[in-house]
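First comes the structure, then the notes that go with it.
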Amino acid sequence: MALEIGILRADDVRPELVNAFGEYPEMFENLLRTANASEDFLECEDLIFTSYAVNQGVYPTQIDSHDAYIITGSKSGIYDDEDWIKALKQYVQRLNAKNKKLIGICFGHQLIAEALGGHAGKASCGWEIGVKQAVMFKGGDPRFSGVSEFCLAYSHQDQVLKEAPGSQVLAATPNCPIAMTSLGSHILTFQGHPEFVKAYARALFELREPSYPAEVYSECKASLSIDTQHLEVAHWMIDFMRA
């Protein structure tokens, strides 16, 4: 049985990096296909991907064309006065009203919270970049029982400040108290980036080095030696979309 996934692309990869790493929908497709084909993930099925440049106003013709949706990260802020961001919030509200499976990553995590009554904005800590460990809260969503922590690449200076009503906060990093959430059985969000391979993260951070405080960038470079659990998180995402 096929799982049809619509990827709502909220940003474009920097031109200097596209040839080596592709656009964000390709990163998600590579991540999920790799996880789906891994030996320790036996219940694999066909994954069908279609991407939509929502940052250019492109959406599916029918909301039920896909079993699940993923909202990518973005350099934009959810508070920016942009028509496409307002339209994407309205689309999230429509998806939520239909209980469509929806996963938000970084900007997507923040936008879903904001669209459904929470709040996101500038993080008091400033930039959080590099590999970070998120600790799971005890007694959270039973779908993730047995998991105590996981590491992902992070790249943000905004974050969810207040979760959407009815959401569960599932995990936190030291500087990001709301690093993972769920809402009902249909919404799952992460502040971290499971789709970032280390080489892309390193290249992106190097290009953005002038934007970072020197100490933050130094800690970021050192953190890239830490293994991430991106494939485990990808398994969670597939199981969640399929359930």
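The values are calculated or read from the model by the stated rules, or taken from the named source; none is laboratory data. These numbers were taken from a predicted model, which means no experiment stands behind them. As a convention, Cβ positions derive from the backbone with ideal geometry for all residues, glycine included, and neighbour counts pool all protein chains shown.
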### Query
Considering only strands (runs of 3 or more DSSP E) fully contained in the stretch 1-81, which possess at least 2 residues that are modelled with pLDDT of 95 or more and over 20 Å from Asn96 (Cα atoms)?
47-52
## Note on the structure
Checking Pro165, Pro210 in turn, the sole residue that is closer than 16 Å to Ala113 by Cβ and either without any contact (Cβ under 8 Å) to a residue 60 or more places away in the chain or of a type in the set (Lys, Arg) (or both) turns out to be Pro165
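Residue-wise test of (1) over 19 Å from the mean Cα position of the chain (by Cα); (2) not aromatic (Phe, Trp, Tyr).
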{"site": "Leu32", "(1), (2)": "no, yes"}
{"site": "Ala53", "(1), (2)": "no, yes"}
{"site": "Val58", "(1), (2)": "yes, yes"}
{"site": "Thr61", "(1), (2)": "yes, yes"}
{"site": "Lys75", "(1), (2)": "no, yes"}
{"site": "Trp84", "(1), (2)": "no, no"}
{"site": "Leu88", "(1), (2)": "no, yes"}
{"site": "Ile105", "(1), (2)": "no, yes"}
{"site": "Gln110", "(1), (2)": "no, yes"}
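Taking helices (runs of 4 or more DSSP H) that fall entirely within the stretch 188-243, which contain at least 2 residues that are of a type in the set (Phe, Trp, Tyr)?
Result: 198-207, 230-242.
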### Filter result (more than 15 Å from Lys75 (Cβ to Cβ) and in contact with a strand residue (DSSP E or B) (Cβ under 7 Å, 6 or more places away or on another chain)) within the stretch 2-33
Ala2, Leu3, Glu4, Ile5, Gly6, Ile7, Leu8, Pro25, Phe28, Glu29, Leu32, Arg33
### Message
Among the residues in the stretch 210-226, are any within 24 Å of Pro25 (Cα to Cα) and surrounded by fewer than 22 Cβ atoms within 10 Å (Cβ to Cβ)?
### Response
yes
### Query
Does Cys151 fit the bill of being over 19 Å from Glu29 (Cβ atoms) and not acidic (Asp, Glu)?
yes
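May I ask you to verify whether Thr34 is β-branched (Val, Ile, Thr), farther than 16 Å from Met241 by Cβ and surrounded by fewer than 16 Cβ atoms within 10 Å (Cβ to Cβ)?
On the way: β-branched (Val, Ile, Thr): yes; farther than 16 Å from Met241 by Cβ: no; surrounded by fewer than 16 Cβ atoms within 10 Å (Cβ to Cβ): yes.
For Thr34, the condition - β-branched (Val, Ile, Thr), farther than 16 Å from Met241 by Cβ and surrounded by fewer than 16 Cβ atoms within 10 Å (Cβ to Cβ) - is not met.
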### Task
Take the residues in the stretch 150-182 that are assigned to a strand (DSSP E or B) and among the hydroxyl-bearing types (Ser, Thr, Tyr), then tell me which one is farthest from Ala199 (Cα to Cα).
Ser182
### Task
Of all residues in the stretch 91-146, count the ones that are of a type in the set (Val, Ile, Thr) and in a helix (DSSP H, G or I).
2
### Task
Output the number of the condition that Leu152 fails; it satisfies all remaining conditions of (1) aliphatic (A, V, I, L, M); (2) more than 29 Å from Gln93 (Cβ to Cβ); (3) crowded, with 16+ Cβ neighbours inside 10 Å.
(2)
### Task
Would you please name the residue that is nearest to Ala199 (Cα to Cα), looking only at residues in the stretch 136-149 that are free of Cβ contacts under 8 Å to residues at least 60 places away in the same chain and either aromatic (Phe, Trp, Tyr) or surrounded by fewer than 16 Cβ atoms within 10 Å (Cβ to Cβ) (or both)?
Glu149
### Query
Can you tell me which residues in the stretch 126-144 are of a type in the set (A, V, I, L, M, F, W, C), modelled with pLDDT under 95 and under 14 Å from Val233 (Cβ atoms)?
Met136, Phe144
### Query
Which residues, taken from the stretch 84-112, are crowded, with 21+ Cβ neighbours inside 10 Å, of a type in the set (Gly, Ala, Ser) and within 18 Å of Pro165 (Cβ to Cβ)?
Gly104
